[in-house]
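Comments concern the structure below.
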Amino acid sequence: MNTPHPQVLQLLERAAKSPLPLYHTVPPHVARRLYRDTRAVLAPPSPEVSEVRLMVVANAIALRAYRPAGVPAGEMLPALVYFHGGGWTIGDLDTHDILCRQLSNGARCAVFSVDYRLAPEHAFPAAVEDCIAATRWIAAQARALNIDPARIAVGGDSAGGNLAAVVALDARDAGGPGLCFQLLIYPATDQRCGFASHERNGDGYLLTRHSIGYFRGHYLPRQADWLDWRASPLLAKNLAALPPAFVLTAGFDPLVDEGKAYAERLAKENVELAYREYADMIHGFVLFGGVLETANAAVAECCTRLCSAFEAVS
C-alpha cells in the first residue's frame, strides 16, 4: 500500500502537535491570518526577481506583477496569469509570492498574480468575475506590459486551479483572449465532492472534509450553484478546443480523483494534456519547498511544462 513520503509524515506530525486551531473552527478573517502566518515556516527561500510591482486594473482588481531575474526591462516575455489557492476564502498575494517568483524565474515569464475577491464577503461568482476581468485586461494591455499576446497562460493551485480552468473555458466560449496553456495544480473541479478520494483522504492530510465543507459553504452558499460549470468545470458540457494543459495532483489529497477525472476528460475530448500524480504527496505541497524536497521538483516540472508551451507557440 502506498504511504506518504517520510518528509510528509514529519510535516503531518508537526501539524498535529500545533496549538493553533483548525481553519474550519474559526471565522474566515482568523483563518486568513493563520494561513498567512504559517506559510513562512514551510516555504523555501524567496528568490530574487528583476521586478515586482503592484497594479490595480479593471477599476478594482489588484495584481502583483513579476518579471524574472536577468531579463532586460523592455524584453517581450510570455506571461502566466496566476490565481492563488485557499478555498476561495483564504490565501492572498503574499501567501503565494514565493511560488510566483519561482514560476517567473523558472519559466522565464512574466507572472501576474490576481488578488480576486474572497468569500464569504464576496461569494460565487465574484472570484470568477475578477479572474476573467483580470485576464482580459492583461491580454488587452499585452504590448504595454511587454508581454507576447500569443503566449499567455493561466494557472493556479487548488481553488486557483479551479479558477484557471474556468477562465480557460470562458475565454474559449467568449472568443478570447487566446490562451496558450493551462497550469492546473491539484484543481477543485466538482463541487459535489462525491469522488472516493474525499472519503479516502478526508482526514489526516491537512486538507480535510471538514475544511472543504467550510470553504464551499462560504464560496457557494447556494447548493444549486454547485452544478454551475463556473463552480464545477468538470460539469461543463464540453471541454473540447481548450488550450493544452498540465494537470498535477497529489496522491493523499481529497481532490486527487476529481483532478484526475478532469484530466481524463480533457484527453478524451482531444485537448493536449500532460498529467502527473505525485503519489506520496498531500494537498498544498507545492508551497512547502522549505520542508518537502518534492515540492521544489514539482515546481520545476511546472516551469518545464510552461517553457515547452511557450516554445511551442514561438
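None of the figures in this text is laboratory data; all of them are computed from the coordinates on show. Note that the structure is predicted; figures quoted are calculated from it, not measured. Don't worry about glycine lacking a Cβ; one is built from the backbone with ideal geometry, like all the others, and counts go over all protein chains shown.
Relative contact order of the chain: what whole-number percent is it, with Cα pairs under 8 angstrom and at least 6 residues apart?
Result for the chain is 20 percent.
Around Leu22, under 15 Å between beta carbons, what's the net of Lys plus Arg minus Asp minus Glu among the other residues?
Local net charge: +3.
If we count GluC sites (Glu not before Pro) as exposed when they sit in a DSSP loop and have at most 15 other beta carbons within 10 Å, what is the longest stretch of the chain that avoids them all?
122-268
Would you grab the residues whose amide H sits under 5 Å from the one on Ala43? Only those 5+ places off in sequence or on another chain, please, with H modelled 1.01 Å from N.
Gly290
Mind checking which lysines have their C-alpha under 16 Å from Lys237, skipping anything on the same chain fewer than 8 residues away?
Lys268
Return the loop-located trypsin sites (Lys or Arg not before Pro) in segment 206-314 (DSSP other than H, G, I, E, B) with at most 14 other Cβ atoms within 10 Å of their own Cβ; answer none if there are none.
Passing both the DSSP loop test and the Cβ count: Arg222, Lys237.
Taking the Cα centre of the chain as origin, work out the dipole magnitude from +1 charges on Lys and Arg Cβ and -1 charges on Asp and Glu Cβ, in debye rounded to 20.
The dipole magnitude comes to about 300 debye.
For segment 86-122 and segment 156-187, what is the centre-to-centre distance using only Cα atoms, to the nearest Å?
14
Sequence-distant or interchain residues sharing an amide H contact under 5 Å with Trp88, placed H: which?
Ala159
Pop out the ³J(HN,Hα) list for segment 67-73 in order, Karplus 6.51 cos²θ - 1.76 cosθ + 1.60 with θ = phi - 60°, rounded to Hz; leave Gly and Pro as x.
10, x, 4, x, 9, x, 4
Spelling out what I want: for every residue of segment 242-256, take phi, set θ = phi - 60°, compute 6.51 cos²θ - 1.76 cosθ + 1.60 (Karplus), and round to whole Hz; glycine and proline get x.
8, x, x, 9, 10, 10, 10, 10, 10, x, 9, 10, x, 8, 4
Considering only DSSP states other than H, G, I, E and B, which trypsin sites (Lys or Arg not before Pro) in segment 1-77 qualify as loop sites with at most 10 other Cβ atoms within 10 Å?
For trypsin sites (Lys or Arg not before Pro) across segment 1-77 that sit outside H, G, I, E and B with at most 10 neighbouring Cβ atoms in 10 Å, the list reads Lys17.
Can you give the local net charge around Gly161? Use residues other than it whose beta-carbon is closer than 12 angstrom to its beta-carbon, Lys and Arg +1, Asp and Glu -1.
With Lys, Arg at +1 and Asp, Glu at -1, the net is -3.
First select every other residue whose beta carbon is under 11 angstrom from the beta carbon of Pro78; then total the charges, Lys and Arg +1, Asp and Glu -1.
That sum, taken over residues with Cβ under 11 Å, equals -1.
Quick one: give the max-minus-min coordinate of the C-alpha atoms of the chain along each principal axis, largest first, in Å.
If we take the Cα atoms of the chain, the spans are 49, 42, 39 Å.
Residue by residue, what Karplus-based ³J(HN,Hα) values in Hz, rounded to whole numbers, does segment 180-192 have, using 6.51, -1.76 and 1.60 with θ = phi - 60° and x for Gly and Pro?
9, 6, 10, 10, 10, 9, 5, x, 7, 10, 9, 6, 6
How large is the helix-only mean residue ellipticity at 222 nm for the chain, computed as the sum of -39500 (n - 2.57) over DSSP H runs with n ≥ 4, divided by its residue count, in deg cm²/dmol to the nearest 500?
-11500 deg cm²/dmol
Which trypsin sites (Lys or Arg not before Pro) in segment 132-198 pass both tests, a DSSP loop state and at most 12 other beta-carbon atoms within 10 Å?
When the trypsin sites (Lys or Arg not before Pro) of segment 132-198 are filtered for loop state and at most 12 Cβ neighbours within 10 Å, Arg143 remain.
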